[in-house]
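The values are calculated or read from the model by the stated rules, or taken from the named source; none is laboratory data. Note that this is a predicted model, so its numbers are computed, not measured. Positions of Cβ are generated from backbone atoms using ideal geometry, with glycine treated the same way; all protein chains shown enter the neighbour counts. Accessible surface is based on the protein model in full, side chains and every heavy atom, while ligands, DNA and RNA are left aside. Shrake-Rupley method; radii C 1.70, N 1.55, O 1.52, S 1.80 Å.
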Amino acid sequence: MTTMRAAVLTAPKRFELREVPLPHVGPEDVLVRVTRTGICGTDIHIFNGHYAADRLPLIPGHEFCGTIAGLGANVRHLVIGARVVVDINIGCGACFWCRRNEVLNCAEVTQVGIGRDGAFADYVAVPARLAIPVEADIADEVLALTEPVSCVVRAARKAGAAFGQSVVIFGAGPIGNLHVQMMRLVGAAPIIVADLSAERCRMAMDAGADAAVSDPAELRQTVLRMTGGRGADLVIESVGNRKLYEQAFDLARRGGHVAFFGITSPGETVPVDILRTVLEETSLKGSVAGMGEDMHDALTLLSHGRFRTHDFTKASYCLENIQEAFETLGDRPQDLKTQIAVSA
């Protein structure tokens, strides 16, 4: 076999199912036979032409799981047929940032399905060191959530989230829902969610939020009422909206923290009151993709059932119908995640 099926994004909003050559497997690589690939918010941005348009044509897809189908000549720690998830962040592995597990700052970094061809295809080749064996008996549709869960693991780690902290989360979509569950796991309380969708707010409550606000006019008073008038210890912006980032600082308490997570358009900024920030000792920090230990931790949490995944695993499309899957996302708010079933 020398070719495979792949969903190639040839232009914004247009996938073509093509027969393409199997990816090259170098001596330090493995070939992964893809079973499931989730559609991420980043994939939607790429599909709509808002991100990585200069890299088209591209095979997107980075939230995936599969089995080892081929081994590079120097790979000894993996075996054919092993189930794996993959850390998609490929750095040089030796620089200052790679050593600190800040791979996205590596000068040579690329990401599977974003900077290079990904997993909306039968097979994908990746460095063997980034393929993580799966020991648990866990369904593929849950296993494919490892990468997005790793993102909220990293966000919680970067923000120093801890038990007893009050948290506001902007956004109750897929990643916002996972933030809710992550905050619940670390013992944060209360957890307050803000989203314009009443249905998504309901789902956030089911996932463990203590309050969910769909009317923006009610948010500030809700936060103050539930935090003793102080404001939240931690505010997470997971939408990528400049105005929400501005509001986040207003909802954080003196000495609180704002977690920058949602991706905006390039060049967007928010004003930061320098004197207030200094005197009140407030802080902010960004985080984006889970990498390294974040992926291992996410796999452990999913393997032991720590996340409520039902609303993430209801929508599944075959590879041939990937165009329909993307085009109908806005019509299916009840589906927190849509996955492409690539192979059985």
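Before moving on, here are some points about what is shown:
- Condition met for HIS45 (surrounded by fewer than 17 Cβ atoms within 10 Å (Cβ to Cβ), at pLDDT below 95 and not basic (Lys, Arg)): no
- A search for C-beta distances below 6 Å between a residue of region 253-270 that is more than 20 Å from ALA188 (Cα to Cα) and modelled with pLDDT under 95 and any residue that is part of a strand (DSSP E or B) and of a type outside the set (A, V, I, L, M), counting only pairs 6+ apart in sequence or on different chains, returns GLY262/GLU237.
- When region 233-255 is limited to residues that are open to solvent by less than 50 Å² (accessible area, probe 1.4 Å) and among the hydrophobic types (A, V, I, L, M, F, W, C), the one that is nearest to CYS151 (Cα to Cα) turns out to be ILE236.
- The number of residues in region 21-33 that are touching a helix residue (DSSP H, G or I) at 6+ places or on another chain (Cβ under 9 Å) and open to solvent by less than 20 Å² (accessible area, probe 1.4 Å) comes to 1.
- Residue tally, condition touching a helix residue (DSSP H, G or I) at 6+ places or on another chain (Cβ under 7 Å), closer than 29 Å to SER150 by Cβ and assigned to a helix (DSSP H, G or I), over region 213-231: 1
- GLY262 meets the stated requirement of being part of a loop (DSSP other than H, G, I, E, B) and within 22 Å of SER197 (Cβ to Cβ).
- Tally of residues being touching a residue at least 40 places away in the same chain (Cβ under 8 Å) and among the acidic types (Asp, Glu) across region 189-247: 4
- Wholly enclosed strands (runs of 3 or more DSSP E) of region 1-84 bearing at least 2 residues of a type in the set (S, T, N, Q): 3-11, 29-38
Conditions tested, residue by residue: (1) in contact with a Gly (Cβ under 7 Å, 6 or more places away or on another chain); (2) without any contact (Cβ under 8 Å) to a residue 60 or more places away in the chain.
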residue: CYS40; (1), (2): no, no
residue: ILE46; (1), (2): no, no
residue: PRO60; (1), (2): yes, no
residue: CYS95; (1), (2): no, yes
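- Per-region count, region 256-282, residues of a type in the set (Val, Ile, Thr), under 24 Å from SER166 (Cα atoms) and open to solvent by less than 50 Å² (accessible area, probe 1.4 Å): 4
- Some residue of region 144-154 being among the polar types (S, T, N, Q), open to solvent by less than 30 Å² (accessible area, probe 1.4 Å) and closer than 24 Å to TYR245 by Cβ: yes
- Test for VAL142: is it closer than 18 Å to THR37 by Cα and out of contact with any Ser or Thr (no Cβ under 7 Å at 6 or more places or on another chain): no
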